[in-house]
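Here is the structure we will look at, set down as C-alpha cells.
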Amino acid sequence: MNATSKNQSDCPEVHVPIPVFLTIGVVSLIENLLVVVAIIRNRNLHSPMYCFICSLAAFNTIASLTKTWETLMITFANVGQLEKTEFSESNLNDVIDSLLCMSFVGSFFSFLAIAVDRYITIFYALRYHNIMTMRRTGVILGLIWITCGVLAVLFVKFFYLKVTMICFVVFFIISLAILCFLYTYMFMLALIHARKIASLTASEGGKCRHHWRWGSNMRGALTLTILSGTFTVCWAPFFLHLVIMTVCPMNPYCECYRSLFEVHVVLMMSHALIDPAIYAFRNAELRHTFKKMLFW
C-alpha cells in the first residue's frame with residue numbers, strides 16, 4: 001500500500017528531525033513530572049480538582065515517556081546499536097500504540113472529570129464537599145485508569161478491523177461534542193448568575209466576597225476551557241489522518257495530507273508540552289509550589 005501511495009501522489013513525505021521529537025518528549029516529560037510531584041507534595045493541592053489534574057499530568061507523562069522511548073529506540077537502531085527483528089518491532093509498536101491510546105483516552109476522561117468538578121464547584125458550592133469527597137474522587141480515578149487500559153489494549157488488538165478505527169474517530173467527535181456542550185452550558189449559566197449577583201441588594205462587603213469567589217471559580221473554568229481547546233487543536237489532525245486512512249486510503253489528494261503524519265505526531269506530543277505551561281501560568285498555588293521546588 002505504501003508503494004502504491006507514493007506512486008499515486010506527488011507530495012513527498014514530510015520528515016521531522018529526530019532531535020525535535022526527542023526535545024519535545026524530554027521537556028514535556030520533565031514538565032508533567034513536576035506537576036505530579038508538586039500536587040503530591042503540596043497538601044493545599046490535595047483536593048478533587050487537583051487529583052484530576054494530577055491524573056491528566058500522569059497520562060501526559062505516559063505519552064511523553066512513550067514517544068521519548070520510541071525516538072531513542074529508532075536512533076539506536078539507525079546507528080546500528082540496536083538489532084531489530086520483525087517480532088520485537090511488532091511487539092514494541094503494539095506497546096507504544098497501546099500507551100498512546102491510553103494517554104489520549106485518559107486525557108479526555110480527565111478533562112471531563114475536571115469539567116464536572118468545576119461545574120459542581122460553581123453551581124453547587126455549598127454542597128460541593130458532600131458531593132465530591134476524596135473517596136468518590138479515588139473511585140472515579142480508578143475507573144478512569146482501568147477503562148483506559150482496557151480500551152487501549154482492545155484498540156491495538158483489533159486495530160486491523162475498520163470498525164475499530166471508525167469507533168475511535170467517533171469517540172473523538174463525541175468527546176469534543178460533550179466538552180463543547182458542557183462548557184457552553186456552564187458559561188450560559190454563569191452569565192445568568194452574574195446578572196443575578198449584580199441585582200442583589202445585600203451589603204457591599206457580601207457582594208464583593210461573592211463576586212471574588214465567583215470570579216475565582218470562573219477563572220478556573222476558563223483555564224480548563226483553554227486546556228480543552230489545546231487538546232482539540234493538538235489531536236484533531238491525527239484523527240483526521242485516521243479518517244482519511246479509512247475513507248480514501250488510495251486517493252492522491254488524501255495522500256498529500258497523510259504525508260504530514262510526522263507533523264501530526266509532533267502536534268500530539270506538543271499537547272503534553274503545553275498543558276503544564278498553562279497550569280503554571282494561570283494557577284497561583286501551582287506557580288508557588290513550582291518555585292519552592294525549583295529554587296528553595
TODO: Answer yes or no: is there a residue in the range 158-170 that is open to solvent by 50 Å² or more (accessible area, probe 1.4 Å) and within 18 Å of the chain's Cα centre (by Cα).
DONE: yes
- [ ] Six or more apart or on different chains, Cβ under 6 Å: which pairs go from a residue in the range 46-62 that's open to solvent by less than 20 Å² (accessible area, probe 1.4 Å) to one that's among the β-branched types (Val, Ile, Thr)? Could you list them?
- [x] Pro48/Thr137; Phe52/Ile114; Ala57/Val35; Ala57/Val36
- [ ] Taking only the range 64-77 into account, find how many residues are open to solvent by 90 Å² or more (accessible area, probe 1.4 Å) and touching a residue at least 40 places away in the same chain (Cβ under 8 Å).
- [x] 1
Task: Extreme residue, surrounded by the most Cβ atoms within 10 Å (Cβ to Cβ), among residues of the range 13-36 that are in a helix (DSSP H, G or I) and without any contact (Cβ under 8 Å) to a residue 24 or more places away in the chain - done: Thr23
Open item on the list: Just to verify a result, which residue in the range 141-166, among those that are in contact (Cβ under 8 Å) with a residue 60 or more places away in the chain, out of contact with any Cys (no Cβ under 7 Å at 6 or more places or on another chain) and hydrophobic (A, V, I, L, M, F, W, C), is nearest to Pro48 (Cα to Cα)?
Closed with: Ile144
Task: Candidates Phe181, Phe171, Phe159, filtered to the one that is under 29 Å from Phe238 (Cα atoms), modelled with pLDDT of 65 or more and not in a helix (DSSP H, G or I) - done: Phe159
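How many residues does the range 118-156 contain that are in a helix (DSSP H, G or I) and either under 20 Å from Pro249 (Cα atoms) or aromatic (Phe, Trp, Tyr) (or both)? Quick ask: steps written out before the conclusion?
We begin by selecting, within the range 118-156, every residue in a helix (DSSP H, G or I); these are 118-123, 125-131, 134-156.
Keeping just the survivors that are either under 20 Å from Pro249 (Cα atoms) or aromatic (Phe, Trp, Tyr) (or both) gives 119, 123, 128, 145, 155-156.
Total meeting the criteria: 6.
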Open item on the list: Please go through (1) modelled with pLDDT of 85 or more; (2) more than 17 Å from the chain's Cα centre (by Cα); (3) surrounded by fewer than 19 Cβ atoms within 10 Å (Cβ to Cβ) for Ile39 and return the number of the only condition it doesn't satisfy.
Closed with: (3)
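Residues checked against (1) modelled with pLDDT of 85 or more; (2) over 18 Å from the mean Cα position of the chain (by Cα):
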| site | (1), (2) |
| --- | --- |
| Asn2 | no, yes |
| Asn7 | no, yes |
| Leu22 | yes, yes |
| Val26 | yes, no |
| Leu33 | yes, no |
| Met49 | yes, no |
Task: Subset of the range 80-113 [loosely packed, with under 12 Cβ neighbours inside 10 Å and at pLDDT 75 or above] - done: Asn91
Open item on the list: If Arg287 meets every condition in (1) under 18 Å from Ser47 (Cβ atoms); (2) buried (at least 18 other Cβ atoms within 10 Å of the Cβ); (3) of a type in the set (Lys, Arg) apart from one, which number is that one?
Closed with: (2)
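The values are calculated or read from the model by the stated rules, or taken from the named source; none is laboratory data. Here the structure is a predicted model, which means the values were calculated and not measured. Positions of Cβ are backbone-derived with ideal geometry, glycine not excepted, and every protein chain shown enters the neighbour counts. These accessible areas exclude ligands, DNA and RNA; they are computed on the full protein's heavy atoms, side chains included. Shrake-Rupley method; radii C 1.70, N 1.55, O 1.52, S 1.80 Å.
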